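Read the structure below first, then the notes.
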């Protein structure tokens with residue numbers, strides 16, 4: 001570690017986390033373009049040593065320090081152990097990261113993190129990196145991406161709720177859970193309930209009723225009931241729907257994150273009194289409503305009936 005660390009001015013950003021395939025890199029690419037369009041200077045930091053073929057303009061890339069391929073070849077580790085080693089290696093070389101980040105003063109940061117679930121539910125390295133960034137005057141919000149297709153399976157959705165809750169408690173950052181790939185949700189089948197049931201995580205006993213109809217899950221009804229009670233007792237998990245190709249959807253997520261990391265209360269951009277009050281009281285005056293997203297991507301039962309009548 002450097003004995004004379006450079007003092008960072010206040011910087012805001014997002015730590016983009018989530019399971020493999022949830023769309024983290026695509027999100028960073030889309031959010032970089034969106035924020036650049038509205039006038040923010042954006043620096044994307046790739047913290048995933050296994051990330052190849054990066055589509056966005058990368059300001060800082062961990063592959064300049066270490067890569068997963070080199071670790072697996074030289075230390076004979078598997079992909080999971082190799083990722084953990086890479087994060088621990090970055091943790092031991094904070095001076096490298098500090099020097100790289102210091103070149104982008106006045107920027108808004110997007111940290112593209114690895115997709116190994118254990119890193120943000122059990123292992124301490126990624127959390128230690130976020131803690132160090134906080135000491136360097138970074139104000140981050142964790143953006144936890146979850147593939148929206150899990151909503152079509154009650155068992156998977158309960159599992160996602162438990163993972164999201166564990167992540168929120170372990171990472172210990174202001175947190176925004178996001179249901180990604182909303183434009184593809186129709187391909188996975190019809191939802192048992194309206195979309196707002198899943199985004200607001202309403203009475204989960206209805207999901208248990210759906211699980212009970214499956215002979216396999218019927219044997220584990222009591223276990224599932226206890227898992228649901230844990231999620232409901234903490235009452236922390238909710239989701240924001242996202243289609244990265246839709247500007248209104250991106251604005252919805254951006255404003256939720258701006259409230260979480262405190263960017264809304266700064267003076268980096270011109271803001272109307274209405275926008276500031278929206279952030280202060282938690283009202284989503286400028287947000288796309290969940291109902292609008294549902295009407296756009298999830299056909300209602302009534303429209304489905306009309307389509308069937310037309311087919312007949």
Worksheet entry | Given (1) farther than 22 Å from residue 152 by Cα; (2) at pLDDT below 90; (3) surrounded by fewer than 14 Cβ atoms within 10 Å (Cβ to Cβ), number of the condition residue 216 does not satisfy | (1)
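Quick grid of which residues meet (1) out of contact with any strand residue (DSSP E or B) (no Cβ under 7 Å at 6 or more places or on another chain); (2) surrounded by fewer than 18 Cβ atoms within 10 Å (Cβ to Cβ):
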| position | (1), (2) |
| --- | --- |
| 48 | no, no |
| 61 | no, no |
| 79 | yes, yes |
| 87 | yes, no |
| 93 | yes, yes |
| 99 | yes, yes |
| 122 | yes, yes |
Fill in: Residue ID - nearest to residue 37 (Cα to Cα), chosen from residues in the range 218-250 that are under 15 Å from the mean Cα position of the chain (by Cα) and part of a helix (DSSP H, G or I)
250
Worksheet item: Does the range 194-204 hold any residues that are out of contact with any helix residue (DSSP H, G or I) (no Cβ under 7 Å at 6 or more places or on another chain) and assigned to a helix (DSSP H, G or I), and which are they?
Response: 197
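Residue-wise test of (1) assigned to a helix (DSSP H, G or I); (2) surrounded by 16 or more Cβ atoms within 10 Å (Cβ to Cβ).
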site	(1), (2)
131	yes, no
146	no, yes
151	yes, yes
156	yes, no
160	yes, yes
167	yes, yes
176	no, yes
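Condition (residue is under 30 Å from residue 104 (Cα atoms) and free of Cβ contacts under 8 Å to residues at least 12 places away in the same chain) applied to the range 211-223: is it met by at least one residue?
Keep residues of the range 211-223 that are under 30 Å from residue 104 (Cα atoms), which gives none.
No.
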Discussion item. Please go through (1) in contact (Cβ under 8 Å) with a residue 60 or more places away in the chain; (2) under 21 Å from residue 17 (Cβ atoms); (3) over 19 Å from the mean Cα position of the chain (by Cα); (4) not in a helix (DSSP H, G or I) for residue 49 and return the number of the only condition it doesn't satisfy.
Written reply: (3)
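Conditions tested, residue by residue: (1) in contact with a helix residue (DSSP H, G or I) (Cβ under 9 Å, 6 or more places away or on another chain); (2) more than 30 Å from residue 183 (Cα to Cα); (3) in contact (Cβ under 8 Å) with a residue 60 or more places away in the chain.
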site	(1), (2), (3)
8	yes, yes, yes
31	yes, no, yes
34	yes, no, yes
60	yes, yes, no
71	yes, yes, no
96	yes, yes, no
Worksheet entry | Every residue from the range 63-77 that is part of a helix (DSSP H, G or I) and buried (at least 17 other Cβ atoms within 10 Å of the Cβ) | 63, 68, 71, 72
Worksheet item: Given (1) surrounded by fewer than 20 Cβ atoms within 10 Å (Cβ to Cβ); (2) part of a helix (DSSP H, G or I), where does residue 106 come up short, assuming only one miss?
Response: (2)
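The values are calculated or read from the model by the stated rules, or taken from the named source; none is laboratory data. Since the model is a prediction, treat every value here as computed from it, not as a measurement. Backbone-built Cβ (ideal geometry, glycine too); neighbour counts: all protein chains shown.
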